[in-house]
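As C-alpha cells, the structure follows; a few thoughts come after it.
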Amino acid sequence: MAFIPVNEPLLTGNEKSYLIECIETGWISSEGPFVRRLEIDLAARVGRQYGIAVSNGSAALEVAVAALGIGPGDEIILPTFTIISCAAAIIRAGATPVVVDADPYTWNMAVDSVEAKITPRTRAIMVVHTYGLPVEMDKIQAIADRHSIAIIEDAAEMHGQNYRGKPCGSFGIISTLSFYANKHITTGEGGMILTDDPSLAERCRLLRNLCFQPERRFIHEELGWNFRMSNLQAAVGVAQLEQLDDFVRRKRRMGQRYTEGFSSLVDVQLPVAYTDYAENIYWVYGLVLGDRYTFDAQVAMQKLREKGIGTRPFFWCLHEQPVMHKLGLLTDVSCPVAERLARRGFYLPSGLGLTESAIDQVITAVCEVLS
Ligand SMILES: *Cc1c(COP(=O)(O)O)cnc(C)c1O
C-alpha cells in the first residue's frame, strides 16, 4: 500500500483558475489584486479591521512583535509547548521569553500558571492556540486587563475555529496566521497579521515592506524586512478561504473517525473533542502515550513508518531547546507536563487531502502498534 504522508493539502477549488488569472494578467508580485483581496476577505471572516499579508507565519510574528515596539528589557509570556517562531520573534526584538507549562488535558498553555509569571517588565502574553482547541481566552483577557498588558494571538493553527463563538484571529491587540501547506488554509508559504488598530496596521505594512515610505520611497526611518506575499500565493489563498467551512467540516469528520477507531486503545490520550468553550477543529490529530507503554513517541513513530504511515513528533519545549541555552535563556526552567507531551506525543496524518480509506488504514496500523 502507498505511504500515507503526514499532510496532503486539498487544492480542488478555484486555486487553478485564479493562478491562471495571475499569469494571464501578468500580476505575479505583491502588487497584484489577490493580495489585497485576501487581506480584506480574511479580516472580514474573523471580524478584524485590517489584514496584512506576509510571506509566512513566522514573519507575521516577527512583524507583530516589532510593530508593538517590544524591545530590550521587555518580557513576553508564552507557552513552552510551541513552535520556535514564537520565541524567535521575541528574542530578535531584544526581549525576553518567559515560558508557561502546558495543560495536560487540552495541551494549550496552562492559563492558571500565567499570572504568577507577571513582573513589572511584562509587556504581553503571546497566546498560541495549539493543535485544535483554543486557549481559554476569558481567563487570559482578565489577566491582561488586570495588569494592563497586551495579548498577541498566534492563531496559525486555528483558521475557522471559534472561542465561545468569537473567531480565533480576533483576540488581543494583534493576531497572526500562517498559510503553510499543513494549515487549514494554505498558500504554500504565507501568513497574515490581523488587527483593529489603524496605526498598528500601518506600522506592520511598513515593516513588511522594508519601511519604504509612501512619500520618499528610498529614505528609511527604520529597518524593515521584505516579508511581502506574492499575488500567486494570495490567489491560492483566496480560493482556499472560499472553502474554509467545508475544510472545517472535513477536519472534524476526520477527528471523529479517528476517535471512534481508537476507542479500544488503552492508556493512550486522544484529543479532547469538546470543552465548554469550543469544539476541537483537529488541526492535527495527536496521541499521547500513557505510562503503560515502555517505549516513547519516537519508537511508536518509527513502527508506524515501517507500516507506511507518516507522523510528526509534538513540539519540543522551548526551555529544552539547545539554542535557548546557548543564548543563556530559559535555563533552570521546569515544565513537567510539556516535557512529557514532547516525549510521549506525536500526531497522525491529518491533512485535508486525507481520504476516509487512508484514515482507516492509519487506524489499523496504530491499533496494531499500540495494542
Ligand atoms: C505553523 C506555525 C507557525 C509558523 O508559520 P510558518 O508559516 O511555518 O512560518 C507559527 N505558529 C504556530 C502555532 C504554527 O503552527
- Mean Cβ count within 10 Å, highest first, over the residues of peptides 21-34, 306-319: 306-319, 21-34
- Query: Which order do peptides 262-273, 224-235, 141-152 fall in by mean Cβ count within 10 Å, highest first?
  - Reply: 224-235, 141-152, 262-273
- What nm distance separates the two modelled labels at residue 270 and residue 296, each placed 7 Å from Cα along Cα→Cβ? 2.6
- Note on the structure: For the chain the mean separation of alpha carbon contacts under 8 Å (6+ apart) over residue count, i.e. relative contact order in percent, is 24
- Message: Straight-line reach from residue 117: which aspartates and glutamates fall under 14 Å, measuring Cα to Cα and dropping same-chain residues less than 8 apart?
- Response: 74, 75, 101
- Task: Starting from the Kirkwood radius over alpha-carbon pairs of the stretch 22-103, derive D by Stokes-Einstein at 20 °C in a medium of 1.002 mPa s and give it in µm² s⁻¹.
- Result: 144
- Message: Hydropathy at least 0.0 by Kyte-Doolittle, axial extent at least 18 angstrom from the Cα trace: which helices of the chain, defined as entire DSSP H runs, fit?
- Response: 33-46, 356-369
- Approximate spin-label separation residue 164-residue 321, in nm, with each point projected 7 Å along Cα-to-Cβ: 3.1
- Per residue accessible area in Å² of the chain, where ligands, DNA and RNA are left out and the probe is 1.4 Å: 43
- The lysines whose Cα lies under 30 Å from the Cα of residue 307, excluding any fewer than 8 residues away in the same chain, are 183, 251
- Task: Please turn the phi angles of the stretch 271-276 into ³J(HN,Hα) values with the Karplus equation 6.51 cos²θ - 1.76 cosθ + 1.60 (θ = phi - 60°), one per residue in order, whole Hz, x for glycine and proline.
- Result: x, 6, 6, 9, 10, 6
- With all distinct Cα pairs included, what does the Kirkwood hydrodynamic radius of the chain come out to in Å, to one decimal, could you say? 21.2
- Task: Output the relative contact order of the stretch 244-370, whole-number percent, from Cα pairs under 8 angstrom with separation of 6+ residues.
- Result: 32
- Query: At a 1.4 Å probe, what is the % contribution of carbon and sulfur to the accessible area of the chain?
  - Reply: 52
- Task: Please list 183-194, 278-289 highest first by mean number of surrounding beta-carbon atoms within 10 Å per residue.
- Result: 183-194, 278-289
- Query: Nearest-5 percent of antiparallel DSSP beta bridges in the chain?
  - Reply: 55
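The values are calculated or read from the model by the stated rules, or taken from the named source; none is laboratory data. A quick note: this is a predicted structure, and the numbers were derived from the prediction, not measured. All Cβ positions, glycine included, derive from the backbone under ideal geometry; neighbour counts span all protein chains shown. Side chains included, ligands, DNA and RNA excluded: accessible areas come from the protein's heavy atoms. Shrake-Rupley method; radii C 1.70, N 1.55, O 1.52, S 1.80 Å.
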